[in-house]
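Read the structure below first, then the notes.
The values are calculated or read from the model by the stated rules, or taken from the named source; none is laboratory data. These numbers were taken from a predicted model, which means no experiment stands behind them. Note: ideal-geometry Cβ built from the backbone for every residue, glycine included; neighbour counts use all protein chains shown.
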Amino acid sequence: MKYKFYILIVNYNGYQDTIECLESLYHLGNQNFQTIVIDNSNLDNDFDHLRAWANGEMSFESDTNFPQYVKPLVNKPIDYISLQEEKLEKQVFGEKLLIVKAKENKGFAVANNIALRYIQKFGSSDDYIWLLNNDTVVASDTMNQIKEQLKRISREEIESTLFGTPLREYYEPIKIQTIGGKYHRLSGITSHIGEGLSYTDDFKIDNYKIDYPIGASMIFSMAFLRQVGLMNEEYFLFFEELDWVERAKKIGGKTSIIPVFGVFHKHGKSTLSKNKKQKTEFIDLLSLRNRILFSRKYFKNYLWTVKLFILTVTVLKRIFSGNFGRIPKIIKLIFTT
């Protein structure tokens, strides 16, 4: 049965990364897919740059670690349309690429939901959705490999499973960035499974137990979307994947990692402060807030241990790192969230 892949990419002040990712997608071969870029940037610059690239008025000039997946550059102009968010749900668009300007930045989930509502309305019941970070490069045979893996899975399982793929380090592709995520109920902390392991062609993921796929590369069916619903917009950023997994469990669903290693991921630059080693204050406080929100929603029995961990271990870490100004705000979060 012929089905379509929708590839969703959120761009936030990172048009060069997004263009590199898009160039790699045009090397996936003669596949039935449509890419939807939601531009969440606070200015129109990125939106204009993405359109200029699509029109052939601006070439991809950044160095790439993967010329074999990005070059030769796709011929321009490409088949695309640019539009404002409010126009997306009004009609179906057949262009290979949709560049959509969000009215405002309300976070990762809200941006993806703009595209997911469009897909719910105009997509087919057999279609798949692939959420992909803008700071990724995709190997040319990745979609074919994903399709081959999906053929081996029963329809019932596909309809209730949130899939992910392993991620490899963009700058050190011999290393695995993560296979998937682990959630620690006592502390509310998440961690990456497989981080730093060496990649080989016969690498097996079956020995690694994960709790959720990493949001940089998640795949699910239209049936999953219609049963489980849109992404939870409470979080703004972080914990959306975990929330989806917990909601899927209510319909007997689960999470699973597809053993395809063709996604290379950079670390998100927008979440780091100017020294590139620490989280920005906004991101730091947001991640702590979401740890509490998620625990309150799904693991209430552990809420007090999560708060105690933040009050002790997290506060001490901020003291040792010299982030004294954050401590009153963290304490306020603990008692008001």
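One line per residue, one yes/no per condition, for (1) modelled with pLDDT of 95 or more; (2) more than 24 Å from Pro166 (Cα to Cα); (3) surrounded by 15 or more Cβ atoms within 10 Å (Cβ to Cβ):
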| residue | (1), (2), (3) |
| --- | --- |
| Leu237 | no, no, yes |
| Asp243 | yes, no, yes |
| Gly253 | yes, no, yes |
| Ile257 | yes, no, yes |
| Lys266 | yes, no, yes |
| Ser273 | no, yes, no |
| Thr280 | no, yes, no |
| Leu293 | yes, yes, yes |
Practice prompt. Could you pull out every one of the strands (runs of 3 or more DSSP E) wholly within region 18-115 that has 3 or more residues that are in contact with a helix residue (DSSP H, G or I) (Cβ under 8 Å, 6 or more places away or on another chain)?
Written response: 33-39, 97-101
Worksheet item: Tell me, which residue of region 138-183 that is among the hydrophobic types (A, V, I, L, M, F, W, C) and farther than 23 Å from Ile9 by Cβ is surrounded by the fewest Cβ atoms within 10 Å (Cβ to Cβ)?
Response: Ile174
Item to complete: Name every residue in region 282-291 that is surrounded by fewer than 17 Cβ atoms within 10 Å (Cβ to Cβ) and modelled with pLDDT of 95 or more, in order of residue number.
Response: Leu285
Worksheet entry | Asn13 being surrounded by fewer than 19 Cβ atoms within 10 Å (Cβ to Cβ), of a type outside the set (A, V, I, L, M, F, W, C) and either at positive phi or free of Cβ contacts under 8 Å to residues at least 24 places away in the same chain (or both) | yes
Discussion item. Out of contact with any Ser or Thr (no Cβ under 8 Å at 6 or more places or on another chain), assigned by TED's automatic domain parsing to the domain that holds Ala216, modelled with pLDDT of 95 or more and surrounded by fewer than 19 Cβ atoms within 10 Å (Cβ to Cβ): which single residue out of Phe60, Phe108, Phe66, Phe93 fits that description?
Written reply: Phe93
Discussion item. Looking at region 310-327 only, could you name the residues that are touching a helix residue (DSSP H, G or I) at 6+ places or on another chain (Cβ under 9 Å) and assigned to a helix (DSSP H, G or I)?
Written reply: Ile310, Leu311, Thr314, Val315, Arg318, Ile319, Phe324, Gly325, Arg326, Ile327
Discussion item. Residues to consider are Asp211, Asp243, Asp284; find the one that is within 19 Å of the chain's Cα centre (by Cα) and over 29 Å from Val138 (Cβ atoms).
Written reply: Asp284
Worksheet item: Asn113 versus (1) without any contact (Cβ under 8 Å) to a residue 60 or more places away in the chain; (2) in contact with a Leu (Cβ under 8 Å, 6 or more places away or on another chain): which is the lone unmet condition?
Response: (1)
